[in-house]
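Remarks on the structure that follows.
The values are calculated or read from the model by the stated rules, or taken from the named source; none is laboratory data. What you see is a predicted model, and the numbers here were worked out from it, not measured in a lab. Cβ atoms come from the backbone with ideal geometry, glycine included; neighbour counts cover every protein chain shown. Heavy atoms of the whole protein, side chains included, go into the accessibility calculation; ligands, DNA and RNA do not. Shrake-Rupley method; radii C 1.70, N 1.55, O 1.52, S 1.80 Å.
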Amino acid sequence: MIAVPIRAKILVFDSGLGGLTVLRALIKQRPDADFVYAADDLGFPYGPRPEDDVVALVMNAMDTLISAEKPDCVVIACNTASTLVLPHLRAKWPIPFVGTVPAIKPAAEFSATRMISILATPGTVSRDYTRDLVEKFAGHCDVTLVGAKKLASLAEVFMHGEQLDEAEVAAEIAPCFVADGERRTDCVVLACTHYPLLKEKFVRLAPWPVHWIDPAPAIARRADQVLRDRRSEGQGAFSFRYTSGAQPDEKLRAALQKFLPARARAEEAIARP
Ligand code: DGL
């Protein structure tokens, strides 16, 4: 039997531009799919917000986005949100939701020194969900949870083409590096989707080399599995929306074009929402 091609539509959601690091992996995995990227610029940053606030913001944004876009799958490309809202979303909409949660299990398996750090927003490090992952998968490791106050905002500034104060970035990542006699941290989990945007800086500013664990390829594989029955050919479409309705400025368009090179039509699509 010949399978009929069906184009999949994937909605990728984050508080801001961090989810682009997940989108990049998704596009690589499923170039045939249509993508809508939505950034909750009205709610950003989620990191310092109380839990109830984050749940309400995501549920409200999803009400609008799901009825407008009718996606086949939603990727919540945000750890701060995923560690809270997935059960609420799954109870309300009968479509698959793929979340992004701290990659503690792979880090704990990979670490040779058994000293790992979880670099996340203050919200994510305070979640029961994160603490349960540590207990379940990293009991044999020394785990340092680092709630970075400014990094997600610095990553937004960087994506808008502005210069960053590198001393500020260095100070935010410094608590991840722990030494105990001969042993020292050898794995840092990038548990906020904004952080891989700054990975080159992290590598350069780190006091010693570590493995930076980015779960984006694993998330892309999971979404691919969920959408295994919807496959098509050629390159799908791409569009970008802010929850405020604002249009991306020139600098952001240029950054997207550079960041998502496989999407040759990205700029055109963004320019004509
Ligand atoms: N990108 C989000 C995450 O993965 C958080 C950024 C924010 O504070 O809104 O956690």
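No solvent, one uniform scatterer per C-alpha: report log10 I(q)/I(0) for the range 220-260 via the Debye equation at q = 0.26, 0.31, 0.33 1/Å, two decimals. So the normalised log intensities work out to -0.94, -1.06, -1.12. For the range 83-127 and the range 162-211, what is the centre-to-centre distance using only Cα atoms, to the nearest Å? Each part's Cα centre sits 19 Å from the other's.
Tally up the carbon and sulfur contribution to the accessible surface of the chain as a whole percent, 1.4 Å probe, everything protein left in place. Reported share for carbon and sulfur atoms: 53 percent. Looking at the chain, the DSSP beta bridges with both ends there are about 5 percent antiparallel.
Taking every alpha-carbon pair within the chain, the share separated by more than 23 Å comes to 52 percent. Determine the alpha carbon to alpha carbon distance for each of Lys149/Lys201; Lys28/Lys149; Lys150/Lys199; Lys136/Lys199 and list only those over 20 Å. Among Lys149/Lys201; Lys28/Lys149; Lys150/Lys199; Lys136/Lys199, the Cα-Cα distance tops 20 Å for Lys28/Lys149; Lys136/Lys199.
Computed over the Cα atoms of the range 43-162, the ratio of the radius of gyration to the Kirkwood radius (Rg/Rh) comes to 1.01. The local environment of Val55, defined by Cβ-Cβ distances under 15 Å, has a net charge of -2 under the rule Lys, Arg +1 and Asp, Glu -1.
To the nearest 10 degrees, how steeply does helix 20-29 sit against the main Cα axis of the chain, on a 0 to 90 scale? Tilt relative to the chain: about 60 degrees. Model label sites at Asp142 and Lys199, defined 7 Å from Cα along the beta-carbon direction, differ in position by 2.7 nm.
The angle separating the long axis of helix 216-226 from the principal Cα axis of greatest extent in the chain is about 40 degrees.
Its relative contact order, with pairs defined as Cα atoms under 8 Å and 6+ residues apart, puts the chain at 27 percent. Shown here: the range 1-66, whose C-alpha atoms stretch 52, 23, 16 Å along the first, second and third principal axes, sorted largest to smallest.
Considering all different alpha carbon pairs of the range 132-219, the Kirkwood hydrodynamic radius works out to 14.1 Å. Other residues within the sphere of radius under 14 Å centred on the Cβ of Leu198, judged by their own Cβ, net out at -4 (K and R +1, D and E -1).
Summing Lys and Arg as +1 and Asp and Glu as -1 over all other residues whose Cβ lies under 13 Å from the Cβ of Glu156 gives a net charge of -3. Along the chain, counting only GluC sites (Glu not before Pro) with a DSSP assignment other than H, G, I, E or B and at most 13 other Cβ atoms inside a 10 Å radius, the longest segment between sites is 1-161.
Along the axis of the charge dipole computed for the chain (Cβ charges of +1 for Lys and Arg, -1 for Asp and Glu, origin at the Cα centre), the listed residues Gly234, Gln257, Gly18 are led at the positive end by Gly234. Secondary structure note: in the range 60-200, about 15% of the DSSP beta bridges are antiparallel.
Computed over the alpha-carbon atoms, the range 17-110 gives an Rg to Rh ratio of 0.96, Rh here being the Kirkwood radius from the mean inverse distance.
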